[in-house]
1. Just to be sure before I move on: is K105 basic (K, R), without any contact (Cβ under 8 Å) to a residue 24 or more places away in the chain and surrounded by fewer than 24 Cβ atoms within 10 Å (Cβ to Cβ) in the structure I sent?
2. Pairs, please: C-beta under 6 Å, at least 6 apart or cross-chain, first residue modelled with pLDDT under 95 and in the stretch 1-24, second surrounded by 14 or more Cβ atoms within 10 Å (Cβ to Cβ) and in a helix (DSSP H, G or I)?
3. Testing R89 on (1) farther than 21 Å from F231 by Cβ; (2) in a helix (DSSP H, G or I); (3) in contact with a strand residue (DSSP E or B) (Cβ under 6 Å, 6 or more places away or on another chain), one condition comes back false. Which one is that?
4. Quick one: how many residues across the stretch 126-135 are surrounded by 13 or more Cβ atoms within 10 Å (Cβ to Cβ) and assigned to a loop (DSSP other than H, G, I, E, B)?
5. Which of the residues that make up the stretch 70-80 are buried (at least 21 other Cβ atoms within 10 Å of the Cβ) and either outside any strand (DSSP E or B) or modelled with pLDDT under 95 (or both)?
6. For the stretch 183-234, which residues satisfy the criterion of being crowded, with 17+ Cβ neighbours inside 10 Å, closer than 19 Å to Y6 by Cα and more than 17 Å from the chain's Cα centre (by Cα)?
7. With the structure loaded, tell me whether L161 is within 19 Å of the chain's Cα centre (by Cα), within 21 Å of S30 (Cα to Cα) and either of a type outside the set (S, T, Y) or surrounded by fewer than 16 Cβ atoms within 10 Å (Cβ to Cβ) (or both) or whether it fails that test.
8. Residues in the stretch 16-37 that are buried (at least 17 other Cβ atoms within 10 Å of the Cβ), within 19 Å of W97 (Cβ to Cβ) and touching a helix residue (DSSP H, G or I) at 6+ places or on another chain (Cβ under 8 Å): how many?
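The values are calculated or read from the model by the stated rules, or taken from the named source; none is laboratory data. The model shown is predicted, which means the values in this text are computed figures rather than measured ones. Positions of Cβ are backbone-derived with ideal geometry, glycine not excepted, and every protein chain shown enters the neighbour counts.
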Amino acid sequence: MTTIIYNLAQVQRRMALACARAGRDVASVSLLAVSKTFGFDAVREAAAAGQRAFGENYVQEALDKMAVLRDLPGLQWHCIGPLQSNKTRSVAEHFDWVHSVDRLKIAQRLSDQRPAQRAPLQVCLQINVDGGSTKAGVAPEQALALARAVAMLPRLCLRGLMSIPEPAIEYEAQYALHTKARAVFDQIKAAGTAGAPGLEQFDTLSLGMTADLDAAIAAGSTLVRVGTGIFGGR
């Protein structure tokens, strides 16, 4: 058994235990393997163990991997890094998901540039639960308005929220930060339930990484983004 396959099994076991502690069905939380800075061989190993969803921060690096790994069926590519306007076309044309939409201008470009022959691009809004001025993400109090606007764009499907809070060592602090994101998620989901157009598929809360996935799952995360825990240190 390779290290990556072993690590994947350990992460999946940890997720299952966290779900059990939170009284949740293990099937309610998906695993995104964050493969940024690791080569295509690492992705191939993880795929051999059944992993299909991979997260990338750097667009050109991801495009190179997609080209090399095109022989592998069913891989799903998620853009999880900050998006600049000059990168939106490549992302719109090649990725399946984007987790880091934090302003309407970027969302509009992604919608305009998404090829008509491809399924709508699945997107999450990134929110800044810390309020730090140097961090990406829409402010929590502005998230509902942005969600309503993004949900109306024709080549996008708004699926949920993503957050990357400042690292916290203690479980209680991790949980508190993640519950802030969960509260915003619940607010937007409630708007969809009440009939707000374009929010029918709002079901994804992208929270938690290697260090804090247990607290994220307890807070309601439906997708955890794990890199180090699978591929090792960078």
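1. Working: basic (K, R): yes; without any contact (Cβ under 8 Å) to a residue 24 or more places away in the chain: yes; surrounded by fewer than 24 Cβ atoms within 10 Å (Cβ to Cβ): yes.
Answer is yes for this residue.
2. Going by the 6 Å Cβ cut-off, the qualifying pairs are T2/E45.
3. Just one mismatch for R89, condition (3).
4. Here is the first cut: in the stretch 126-135, the ones surrounded by 13 or more Cβ atoms within 10 Å (Cβ to Cβ) are 126-130, 135.
The next check asks that each one be assigned to a loop (DSSP other than H, G, I, E, B); those that pass are 128-130, 135.
Residues flagged as surrounded by 13 or more Cβ atoms within 10 Å (Cβ to Cβ) and assigned to a loop (DSSP other than H, G, I, E, B) within the stretch 126-135 amount to 4.
5. If the condition is that a residue be buried (at least 21 other Cβ atoms within 10 Å of the Cβ) and either outside any strand (DSSP E or B) or modelled with pLDDT under 95 (or both), then I80 is the only one that fits.
6. Answer for the stretch 183-234, where residues must be crowded, with 17+ Cβ neighbours inside 10 Å, closer than 19 Å to Y6 by Cα and more than 17 Å from the chain's Cα centre (by Cα): just F231.
7. Working: within 19 Å of the chain's Cα centre (by Cα): yes; within 21 Å of S30 (Cα to Cα): yes; either of a type outside the set (S, T, Y) or surrounded by fewer than 16 Cβ atoms within 10 Å (Cβ to Cβ) (or both): yes.
Judged against the criteria, L161 is a match.
8. 6
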